Every structure is written in structure tokens, then in C-alpha cells.
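The values are calculated or read from the model by the stated rules, or taken from the named source; none is laboratory data. The shown structure was predicted, so the numbers you read here are calculated from the model rather than taken from an experiment. Virtual Cβ from ideal backbone geometry, glycine too; neighbours counted across all protein chains shown. The protein model used for the area step is the full one, side chains on, heavy atoms only, and it has no ligands, DNA or RNA in it. Shrake-Rupley method; radii C 1.70, N 1.55, O 1.52, S 1.80 Å.
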Amino acid sequence: SSDSLEHYVSKGQNVGGLWGAPSGWIIDVDLDWDESVEAAKVLLPKTFIYGRHSRPRSHYLYRCEGVSGRKWRDEDSVIVELRSTGAQSVLPPSIHPDNERYEINDDLPFKSVTPSSLERSLDHVAAASLLARRYPEEGGRHDFIHTVAGTLLHRGWENPLVRKFMRAMLNAVGDRESDRPQRERTIENTLRLFKEGGNVAGYTTLTQWLKGKDFEAIRKWIDPRGAP
């Protein structure tokens, strides 16, 4: 526990965890973007979670045998990182260089997950985070919501998964969206229109907002093979 660790850690010292094989396959999901922290609350299974004052809930620890480390990124930075064998992280009650103490947020047992299910979930966290960061600042939000939901539907996602993903994305958008009920109505209208065989936008329209590597990343991350 954090209390027992504090007993052994002297002032000025930090404690780190070695992930993957050395720890019996405990791995760290490090959420680098604020958007990914919010999306993970919806899309990741409950487990042991820690962070620091300015970035709570930014580390999720799982037991995931055999998984390799991986980074999900846009053109500029890492969105989320899966840390496994060969990687380590600073653990509570250590002090971050910004002089903030790492603290436990959810003191739960490490949840066991398979590599494929964890990577699928992280694909979706990364996709929701990137779409949230590219959310239109003004104008076109109705079309953006319709197009993202429509793209998922065209890729074979079931309605409950579409709703869950869109909720994670809008959570990641946060207070930049002032009329969430309207956006949720757009999601439901898109689901209904798709079921009725109406004209629902997809990938082609999505290129209005996503270009180049961002677009290719989204295509990969929301592939139906990635739908749990």
C-alpha cells in the first residue's frame, strides 16, 4: 500500500515500478493527454488507478500477460502509452519534479485483461481523444457529431458501443461544448436514420476535419476488429 511504501521511502527518494515480465505482468497505461484521461473513465475497465494532484487518474495498472509496450500518438505527441517489459513508472508516494505527490485514486485489485482486449480499448481511448482534440471550435459541430457516429456505424459498430464511444468523446471535449443535450440528440437521430436506411455520412465526410496521419490513425483505431 502507499502507507507501507511511505514507511520505507526516505525524504527526497522516489519509488518506481518495473512493468511486464519483472512484475508478473503488471503493466501501466499512462494517459498523456487530458482528453485521454477523460475518455478512459468511460472506455477502460475499472482497476487500480493513480496520478498526481494536477493529473489525477492518469495511470491505470492491469495484469496483462505477454503484452508488449506501445504508444498511440498524433503527429505531435503521445496520446496514451502502454508500458510493459523494459519500461518503468514512478509510483505513489513519490514526488513528481513539479513537487506534486503521486496518490492512489482507486485502490482496487489489478484487473486481468488479455492483450487484444486491452489494445482494442486503448485504440478507442486514443481515437476518442484525438477526435475530441479536433472538435470544431465553432460551427459544424452537428455535422461533426453526425459524421463520427455515422462512420462508426458504417464500420459495423453496434448502437450501444457507438453511444459509449460518443459519450467518451464528448466527455473529453468537456466544457468546450455548451449544448451537450443537442449533441446527444444528434447521436440518437443518426442511429435512427442509419437503421432506417437513410443517408448517413462516413469516412469521406470525416476528411473535412481530419487530414493525413490523423485520418489514417482514426481509420486504424476504429476498425471493426477493434470493437470489443
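A few comments on the model shown:
- Within a Gaussian network of the chain (alpha carbon springs, distance under 10 Å), most fluctuating of Ile187, Ile27, Ile95: Ile95
- Accessible area in square angstrom per residue, the chain, 1.4 angstrom probe: 51
- Across all Cα atoms of the range 53-166, the radius of gyration (one decimal) and Dmax (whole number) stand at 17.1, 47 Å.
- Using alpha carbons only, the radius of gyration of the range 148-195 set against its Kirkwood radius gives Rg/Rh = 0.97.
- Residues of type lysines that Lys195 reaches as a straight line, Cα spacing below 30 Å, ignoring anything fewer than 8 places off in the same chain: Lys41, Lys164, Lys211, Lys220
- Loop-located trypsin sites (Lys or Arg not before Pro) in the range 148-228 (DSSP state not H, G, I, E or B) with no more than 11 neighbouring Cβ atoms inside 10 Å: Lys211.
- Gain in span if fully extended, Asn189 to Leu161, counting 0.36 nm per residue against the direct Cα distance: 8.5 nm
- Selection from Gly17, Ile222, Val173, by position along the positive dipole direction of the chain (Cβ): Ile222
- Approximating the spin labels as points 7 Å out from Cα along Cα→Cβ, the Arg101-to-His142 distance works out to 5.2 nm.
- Protein accessible area in the range 63-127, 1.4 Å probe - carbon and sulfur %: 42
- Pair-distance profile P(r), taking every C-alpha pair of the range 93-156, with 5 angstrom steps and integer %: 3, 12, 12, 15, 13, 15, 12, 10, 7, 1
- Volume in Å³ per residue [convex hull over Cα atoms, computed for the range 94-228]: 159
- Of (i) -0.34, -0.96, -1.07; (ii) -0.38, -1.06, -1.15; (iii) -0.32, -0.88, -0.98, the label for log10 I(q)/I(0) by the Debye sum over Cα atoms at q = 0.08, 0.14, 0.15 Å⁻¹ derived from the coordinates: (iii)
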